[in-house]
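Here the structure is laid out as structure tokens; the discussion comes afterwards.
The values are calculated or read from the model by the stated rules, or taken from the named source; none is laboratory data. Note that this is a predicted model, so its numbers are computed, not measured. For neighbour counting, all protein chains shown are included, and Cβ atoms are generated from backbone atoms with ideal geometry for every residue, glycine included. All accessible areas refer to the heavy atoms of the entire protein, side chains included, with ligands and DNA or RNA removed. Shrake-Rupley method; radii C 1.70, N 1.55, O 1.52, S 1.80 Å.
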Amino acid sequence: MNKKTRISQLLKSTPAGQIVTAKGWVRTFRNNQFIALNDGSIITNLQVVVDRDRLSEDILKRITPGAAIIVTGKLIESLGHGQTMELVADEIIIAGDSDPETYPLQPKRHSLEFLRKNGHLRFRTQTFSAIFRIRHHLAYAIHKFFNDRGFYYMNTPIITGSDAEGAGEMFSVTTLSLNDVPKNEDGLVDYSQDFFEKETNLTVSGQLEAELAATALSNVYTFGPTFRAENSNTTRHLAEFWMVEPEIAFADLNDDMDLAENMLQYVIGYALEHARLDIDFLAKRLENEEKNKPQNERSFPLLEKLQSIIDNKFERITYTQAFDILRNSKPNKKGKFKYPVKEWGMDLQSEHERYLVEKKFKKPVIITDYPKDIKAFYMRLNEDNNTVAAMDILVPGIGELVGGSQREERLDVLHNRMKEMNIPTEEMQWYLDTRVYGTCPHAGFGLGFERLVLFVTGMTNIRDVIPFPRFPGSAEF
Ligand code: 4AD
Ligand code: MG
């Protein structure tokens, strides 16, 4: 069963009449003679040439788009245009038929919305197979980056009792029947009868647990699914997404920014090297897509955009500097922002982030030292008592790609912040204990993995870079 060569391997070999077997799915069958065969190992199809006299009518009829076939034959140099070699079929076995009357993929362009509804077929298209191969290479590059630098991969719980971000955007986990919820004397849900005998939810971030590991193993990272029940129906948000969260001991905010910048440059470089054909394909796709747009609305050519990330240092500015730039900017003065920039302390909206990244600096921007009131409880309070040692990395076309901070390692300050922000301190003694016993300066960040894939593929909707997207109103497949 396993005797086959992946098409990516075949296309690298020298065709000299050797007998090979290829297995894959028919993309097209042209003139009853040329099969474009793809097995997902590479974006390029293998051309299979059919000798009509050697194959039965029955087999010929069953070579239809989507059919799974096994081809054995001679690999020879191709004289035709568009390919260097072709497989002349001696034998074709139909492993799985595909009824051309009902097969939803036709040899024309399908809209991304259409394909999203046909999740099982998305993988069969050039665009999505390219995206998911790139996604794989990026994931591998992340593991390689951290492994090569002495970080340990740490798995943090998916079911947890805490809200790491303190934002209350959590999905509950329970085995209690919603039709018959046990209540206590106060009329509240009696979680002592639930599976874990306490209230639990799906994790929004593995950071707090990663901090425990980092303050013993020094350098760790997580790479796992996280869940947010925020009702954000945007092209940048998912309810289930994958996050990469390194945590480093004896480190400050500058170390944190350096790590994030190095990591992004490394993984993008890795993708350019190992997924070049797929990135080239998506770059052309984007170019075609935008042909009809006016010049000023077109995005930067994908390859140039990615190369510029590797070649340039990211801009680093404080929130206060960003605020001043925005307040004095043309769009603000002309009333073009939906959210006018007036008062220090306001949260930056995506229109502001895009102005800074796409108009002002034209490269990734790291904004640091945000007002404490718009950031999470665990971020280290700066000496001004007003801002925290936070950093967000913003990139063109996406906005926030990374969010991180130096952590508050001083027990008393952390305790006060948690009280101020109504974070329950009793239940979080396990976290506070890292500050009681051998506390140390430490820092970390979270990279939204799908946002990275979005950036590298040049796609515009985050739902198209995760195999099975979950968003408000949709949990298909
Ligand atoms: O900025 P966030 O909320 O930070 C944290 O969760 C920290 N605990 C990270 C840390 O310091 N260890 O999320 C981090 C990143 C964001 O910058 C964004 O890229 C991504 O996660 N993200 C989302 N991606 C897709 N869909 C959503 N709903 C997302 N929310 C955040
Ligand atoms: Mg954030």
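What to note about this one:
- Test for N179: is it of a type in the set (S, T, N, Q), away from ligand 1 (no atom under 16 Å from the Cβ) and loosely packed, with under 13 Cβ neighbours inside 10 Å: yes
- The set of residues in segment 300-332 being without any contact (Cβ under 8 Å) to a residue 40 or more places away in the chain, assigned to a helix (DSSP H, G or I) and not aliphatic (A, V, I, L, M) consists of E304, Q307, D311, Q321, F323, D324, R327, K330, P331, N332.
- Every condition in (1) crowded, with 16+ Cβ neighbours inside 10 Å; (2) within 15 Å of ligand 1 (Cβ to nearest atom); (3) among the acidic types (D, E) is met by E358 except one, and the failing one is (2).
- Scanning segment 256-271 for residues being surrounded by 14 or more Cβ atoms within 10 Å (Cβ to Cβ), farther than 17 Å from T127 by Cα and out of contact with any strand residue (DSSP E or B) (no Cβ under 6 Å at 6 or more places or on another chain) gives a total of 10.
- Of the helices (runs of 4 or more DSSP H) lying entirely inside segment 182-292, the ones with 2 or more residues being of a type outside the set (S, T, N, Q), closer than 17 Å to S405 by Cβ and within 12 Å of ligand 1 (Cβ to nearest atom) are found at 207-217, 253-274.
- When the residues of segment 273-323 are filtered to those that are under 27 Å from F132 (Cα atoms) and of a type in the set (V, I, T), the one that is surrounded by the most Cβ atoms within 10 Å (Cβ to Cβ) is I279.
- Flag for N155 being out of contact with any strand residue (DSSP E or B) (no Cβ under 7 Å at 6 or more places or on another chain) and either more than 19 Å from L454 (Cα to Cα) or crowded, with 16+ Cβ neighbours inside 10 Å (or both): no
- Cβ-Cβ under 6 Å pairs, at least 6 apart or on other chains, segment 333-352 side assigned to a loop (DSSP other than H, G, I, E, B), far side exposed (fewer than 15 other Cβ atoms within 10 Å of the Cβ) and of a type in the set (A, V, I, L, M): D347/I374
- Residue within segment 445-458 that is charged (D, E, K, R) and touching a Phe, Trp or Tyr at 6+ places or on another chain (Cβ under 6 Å) present: yes
- Scanning segment 139-160 for residues that are among the hydroxyl-bearing types (S, T, Y) and in a loop (DSSP other than H, G, I, E, B) yields one hit, T156.
- Selection within segment 217-254: residues that are among the small types (G, A, S) and open to solvent by less than 20 Å² (accessible area, probe 1.4 Å). The member of this set that is nearest to the chain's Cα centre (by Cα) is G224.
- D392 being more than 15 Å from ligand 1 (Cβ to nearest atom) and more than 30 Å from L115 (Cβ to Cβ): no
- Lone qualifier among D190, D194 - being acidic (D, E), open to solvent by less than 20 Å² (accessible area, probe 1.4 Å), touching a strand residue (DSSP E or B) at 6+ places or on another chain (Cβ under 9 Å) and over 30 Å from L452 (Cβ atoms): D194
- When I423, I367 are checked against the criterion of being within 15 Å of ligand 1 (Cβ to nearest atom), at pLDDT below 95 and not aromatic (F, W, Y), I423 stands alone in meeting it.
- Test for Y378: is it of a type outside the set (D, E, K, R) and away from ligand 2 (no atom under 14 Å from the Cβ): no
- Positions within segment 134-162 being in contact (Cβ under 8 Å) with a residue 60 or more places away in the chain and among the charged types (D, E, K, R), in sequence order: R135, K144, R149
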